[in-house]
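Shown next, in structure tokens, is the structure this report addresses.
The values are calculated or read from the model by the stated rules, or taken from the named source; none is laboratory data. What you are looking at is a predicted structure, and each value in this text was computed from that prediction instead of being measured. Virtual Cβ from ideal backbone geometry, glycine too; neighbours counted across all protein chains shown. These accessible areas exclude ligands, DNA and RNA; they are computed on the full protein's heavy atoms, side chains included. Shrake-Rupley method; radii C 1.70, N 1.55, O 1.52, S 1.80 Å.
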Amino acid sequence: MKYSSILNYIGGEFIAPSNTNTIDVVSPIDGTLLSKVTLSSTVDLDAAVAAAKKAFPAWSKTPIKERVQVFFKYKTLLEKNLQELASLCSEENGKTMSESVAEIEKCIELTEFATSLPQLVTGEILEVSRGVECRTERVALGVVASIVPFNFPSMVPNWTLPNAIALGNCMIMKPSEKVPLSCGRLAELLQEAGLPDGVFNIVHGDVDIVNAICDHPDIEAISFVGSTKVAKIVYQRATSNYKRCLALGGAKNHLMVLPDAIPGMTAQNVAASMSGCAGQRCMAASAMIGVGDVDSIIDKICEEARKIIPGENLGPVINKASQEKIEQYITEAEQQGAKILVDGRNTKVFGKENGTYVGPTVIDFVTADMSVATEEIFGPVISIMRAKTVDEALAIENANPYGNAASVFTQNGGMARYIIERASAGMIGVNVGVPVPREPFSFGGWNESKFGVGDITGKSSIEFWTKLKKSTIKWNAEAGVNWMS
Ligand code: NAD
């Protein structure tokens, strides 16, 4: 085992969970046993919540300008430790080193946004009646929780922790049991940056600990990022316990390619979007709709896909179960009459025979009723459908239950605008394969890709992590009496 067993982080200390049942943390690159993670119990969660509760009065009363100083230092530490954080991310998740570096760079950008919060949270004030003013201010919620998925071991935790904590909350983080290492390192950096003990805590585990978080009476708000199936469970359970909840789910993102699209640029974007992070991105292109004759562009997409080499510029998928599931989708599509133009099944990487690789896969002549057209595959696979008109393409896009992202490739601005207005997704790209809004713009999908109000990052997150206090004040008794006095 390369690393020692993973511990919870509670009240500023790494502590062994009270349970003894562990699961293996295995690198998808070559099957190396990296560590073991213990599935915590409610006893551990209670301890973390108690530590967070204890830290909350002092932290929430610390002026925000002082609180963000921790995040200026944290940002510097992320920069200083970028390579080490990236290799840990790559080891446990499998993504390539350059993808992991990009992930840590995104953490830095998210932290930069948090340091700007004092500029964004100023309240409002107005003299509403003679001598009477109303003012508003943003107040921290208390103890909050963040439950995160496996596909971005560092970035998704950093979607929530800098903003929630800079805004005065104390947090319990529940990492994915598949990639639990990176979060521990983030905790060390936060401590080094001067974050007081108990403000940030980590409790490892799986289903049981997520349920316990949803039920805990002292947790005020929960953010969740993961599959739609679990997002629904968490949203329902958390809100039925009267908690604030924002739950981001899965995706099936459509790229619409029009005949006037620039062939080379479009092909590169489609191939990069479907294969980046081995297709394990909620913003990955999973379906493409060719409008009219785009055969020459599809040829170029295949050329680009063949340049993507497993083990070189393509990492493995997270585990064997995922590899098998993706291959099954491809086989099923083939059996139903689709044509596999580039086939990533049965991929082996020399020297990494225990790695769980799926090569880039391009499937053409997919019809809207096939499961590769409707379900989230979460692998480096693109399912190509054909449409005669833009409206037909939009009908296919609109019919899918998700709504994270959609993109159009065209040189016609009017047509791009037409699609922006009609696509049913929260994040739209024009000639962009992965239309992730960069800070300060917020991240969040629609439909079955998100449950709850607002987005998870950017200004929208301020609403989620705070509550509004409204004061009506008469400073000056001599101002006279009126209906408000
Ligand atoms: P997942 O839903 O399996 O797990 C997410 C978290 O929920 C993990 O911490 C896990 O321990 C916990 N969990 C798993 N099963 C549970 C259950 N039955 N009850 C309670 N908790 C449970 O997701 P994953 O496989 O880790 O991540 C991949 C998924 O996340 C994909 O669907 C992807 O699209 C989605 N995702 C969405 C976004 C977004 O912004 N919309 C971002 C990243 C990932």
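Condition check ((1) aliphatic (A, V, I, L, M); (2) under 21 Å from PHE464 (Cα atoms)) across all residues:
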{"position": "MET173", "(1), (2)": "yes, yes"}
{"position": "LYS178", "(1), (2)": "no, no"}
{"position": "LEU181", "(1), (2)": "yes, no"}
{"position": "ARG185", "(1), (2)": "no, no"}
{"position": "VAL199", "(1), (2)": "yes, yes"}
{"position": "VAL203", "(1), (2)": "yes, no"}
{"position": "ASP215", "(1), (2)": "no, yes"}
{"position": "ILE219", "(1), (2)": "yes, yes"}
{"position": "SER227", "(1), (2)": "no, yes"}
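Of a type in the set (A, V, I, L, M, F, W, C), in contact with a helix residue (DSSP H, G or I) (Cβ under 8 Å, 6 or more places away or on another chain) and in a loop (DSSP other than H, G, I, E, B) - does that describe any residue in segment 397-407?
From segment 397-407, those of a type in the set (A, V, I, L, M, F, W, C) are 399, 405-406; that's our starting set.
Filter once more, so that each one left must be in contact with a helix residue (DSSP H, G or I) (Cβ under 8 Å, 6 or more places away or on another chain): 406.
Still in the list and also in a loop (DSSP other than H, G, I, E, B): none.
No, there is no match, as no residue in segment 397-407 is of a type in the set (A, V, I, L, M, F, W, C), in contact with a helix residue (DSSP H, G or I) (Cβ under 8 Å, 6 or more places away or on another chain) and in a loop (DSSP other than H, G, I, E, B).
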Within segment 4-95, which strands (runs of 3 or more DSSP E) (wholly inside it) include 1 or more residues that are hydroxyl-bearing (Ser, Thr, Tyr)? 8-10, 22-26, 33-38
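Return a yes/no flag: does segment 356-363 have any residue that is surrounded by fewer than 23 Cβ atoms within 10 Å (Cβ to Cβ) and closer than 26 Å to ASP293 by Cα.
Checked against the condition, which is being surrounded by fewer than 23 Cβ atoms within 10 Å (Cβ to Cβ) and closer than 26 Å to ASP293 by Cα, segment 356-363 yields no hits at all.
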Residue under question is SER182, and the condition is that it be closer than 28 Å to GLY279 by Cα and more than 11 Å from the ligand (Cβ to nearest atom); does it hold? yes
Looking across segment 444-479 at residues that are part of a loop (DSSP other than H, G, I, E, B) and more than 16 Å from the ligand (Cβ to nearest atom), the single one that is most open to solvent (accessible area, probe 1.4 Å) is TRP475
Determine whether segment 205-213 contains at least one residue that is near the ligand (Cβ under 7 Å from one of its atoms), open to solvent by 10 Å² or more (accessible area, probe 1.4 Å) and in contact with a Pro (Cβ under 6 Å, 6 or more places away or on another chain). no
Residue ID - least open to solvent (accessible area, probe 1.4 Å), chosen from residues in segment 64-98 that are under 12 Å from ARG185 (Cβ atoms) and among the polar types (S, T, N, Q): ASN81
Would you call ARG438 loosely packed, with under 15 Cβ neighbours inside 10 Å and within 16 Å of the ligand (Cβ to nearest atom)? yes
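On the given criteria, is PRO196 free of Cβ contacts under 8 Å to residues at least 60 places away in the same chain and either in contact with a Phe, Trp or Tyr (Cβ under 7 Å, 6 or more places away or on another chain) or part of a loop (DSSP other than H, G, I, E, B) (or both)? I'd like the intermediate steps shown before the answer.
Numbers: free of Cβ contacts under 8 Å to residues at least 60 places away in the same chain: no; either in contact with a Phe, Trp or Tyr (Cβ under 7 Å, 6 or more places away or on another chain) or part of a loop (DSSP other than H, G, I, E, B) (or both): yes.
It is false that PRO196 is free of Cβ contacts under 8 Å to residues at least 60 places away in the same chain and either in contact with a Phe, Trp or Tyr (Cβ under 7 Å, 6 or more places away or on another chain) or part of a loop (DSSP other than H, G, I, E, B) (or both).
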